[in-house]
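**Q** I'd like to ask some things about the structure below.
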Amino acid sequence: MGEAFLWGAIGSSALLVGALVAYVATPSRKLIAIVMALGAGLLIGSVSFELIDEALKLEEVGRVGAYTLIGAMVFTAGNWYLDRRGGGSRKDASGSQGEGSPLAIVFGSILDGIPESFVLGLTVLQGGVSVGLLTGIVLSNLPEGMSSSSGLRIAGWRRGRVIAMWLAVMAVSGVSAAIGYQVLRDPARASSAAIAQGFAAGALLAMVADTLLPESYKVERVFTGSWVAVGFAISLMLSSV
């Protein structure tokens, strides 16, 4: 469990790195958009090769599909609620976060990190942490940290306050990874493992579609799909490592 916690925290540490970059330099929106799209493709690949594929070994296709839908619905409901509470612009790089609720922004960032960290914990028991998934998490978190923190800096947030927020996200991500590890720890709980994998897959897909792709498309427009495909291809190659 300790190893899973550590990997969860490492994956989300890219958020903190991105925040520090945003306060020291001014990363271009184009660079942020490209890395977001690559990260989205990698995460979609991880859902396919690390989660759904494994869940189908334990459960019927229809049930796995149902678990995936439930996971997506739960994430979407949480995201919808936080959007209404003022956390909808948490990834915007232009500073519109200043009009939202600081608490909602923090909880929104935590919500984004839970599915991917939970999935990371699931993979630790499958022979070690997934290289493809970890790469996808880093490539999605790094631009998220840069974009969100750039906007928060423009909105007047002090660097210490932003760093404290990302440290809280790292802690929750580590706990989420540890929980994911614990779910698969007992081989006799195959059904529970399939439910967790399908649920996490749906939540992760909803997170990618709701929070990564829209921000990337604002800048890259029609090229977004190609960058996502590149990320997916990289995930496919990494899955054989």
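**Q** Quantify, in whole percent, the carbon and sulfur part of the accessible surface of the chain (1.4 Å probe; protein heavy atoms only). Walk me through the numbers on the way to the answer.
**A** Details: 6940 of 10470 Å².
Here it works out to 66 percent.
**Q** Kirkwood Rh, Cα Rg: Rg to Rh for the chain?
**A** 0.96
**Q** Going by the alpha-carbon gyration tensor, a ≥ b ≥ c the square roots of its eigenvalues, is region 37-83 rounded (a/c under 1.5) or, if a/c is not under 1.5, prolate (a/b greater than b/c) versus oblate?
**A** Details: a/c = 4.00, a/b = 1.26, b/c = 3.17.
Oblate, since a/c reaches 1.5 and b/c is not below a/b.
**Q** Over the chain, give the accessible area per residue in Å² for a 1.4 Å probe, as an integer. Could the numbers behind the result be given before it?
**A** Working: 10470 Å² over 241 residues.
Ligands and nucleic acids excluded, the result is 43 Å² per residue.
**Q** For Leu238, Leu167, give the ranking by accessible area with the largest first, probe 1.4 Å.
**A** Numbers: Leu238 40, Leu167 90 Å².
If we order Leu238, Leu167 from most to least accessible, we get Leu167, Leu238.
**Q** Can you give the extra length, in nm with one decimal, that the chain gains between Ala171 and Asp83 once fully stretched, where that is 0.36 nm per residue apart less the Cα-Cα distance?
**A** 29.4 nm
**Q** Among Phe232, Phe75, Phe107, what's the order by accessible area (1.4 angstrom probe), most exposed first? Mind dumping the intermediate values first?
**A** Working: Phe232 70, Phe75 5, Phe107 105 Å².
Of Phe232, Phe75, Phe107, the descending order of accessible area is Phe107, Phe232, Phe75.
**Q** Along the Cα→Cβ direction, 7 angstrom out, place labels at Gln182 and Val17. What is the inter-label distance in nm?
**A** 2.9 nm
**Q** If you don't mind, another one. Let me know the volume per residue of the alpha-carbon convex hull for region 111-158, in Å³.
**A** Looking at region 111-158, the number lands at 72 Å³ per residue.
**Q** Could you calculate the FRET efficiency of Val24 with Thr76 from 1/(1 + (r/R0)^6), where r is the beta carbon distance between them and R0 is 25 Å, rounded to 0.05? Mind dumping the intermediate values first?
**A** Values: r = 35 Å, r/R0 = 1.39.
Efficiency for this residue pair is about 0.10.
**Q** Further, regarding this structure: Taking all pairs of distinct Cα atoms, average 1/r, flip it, and tell me the Kirkwood hydrodynamic radius of region 134-241 in Å to one decimal place.
**A** About 16.5 Å, per the Kirkwood formula over Cα pairs.
**Q** Would you tell me the accessible area of Val138, worked out with a 1.4 angstrom probe on the heavy atoms of the protein chains, in Å² to the nearest 10?
**A** Approximately 50 Å² for this residue.
**Q** Once you put a point 7 Å from the Cα of Ser192 and another 7 Å from the Cα of Ala209, both along the Cβ direction, what distance in nm separates them?
**A** Inter-label distance under the simple model: 2.9 nm.
**Q** At Ile154 and Leu31, where each label point lies 7 Å from the Cα along Cα→Cβ, what is the point-to-point distance in nanometres?
**A** So the two model labels end up 1.7 nm from each other.
**Q** Can you compute the helix-only [θ] at 222 nm over the chain? Use -39500 (n - 2.57) per DSSP H run of at least 4 residues, normalise by all residues, nearest 500 deg cm²/dmol.
**A** Helices in the chain give a 222 nm mean residue ellipticity of -25500 deg cm²/dmol.
The values are calculated or read from the model by the stated rules, or taken from the named source; none is laboratory data. Only a predicted model underlies this, so the values are computations on that prediction, with no experimental measurement involved. Please note: Cβ atoms are built from the backbone with ideal geometry, for glycine as well, and neighbour counts cover all protein chains shown. In case anyone asks, the SASA skips ligands and DNA or RNA and just uses the protein heavy atoms, side chains included. Shrake-Rupley method; radii C 1.70, N 1.55, O 1.52, S 1.80 Å.
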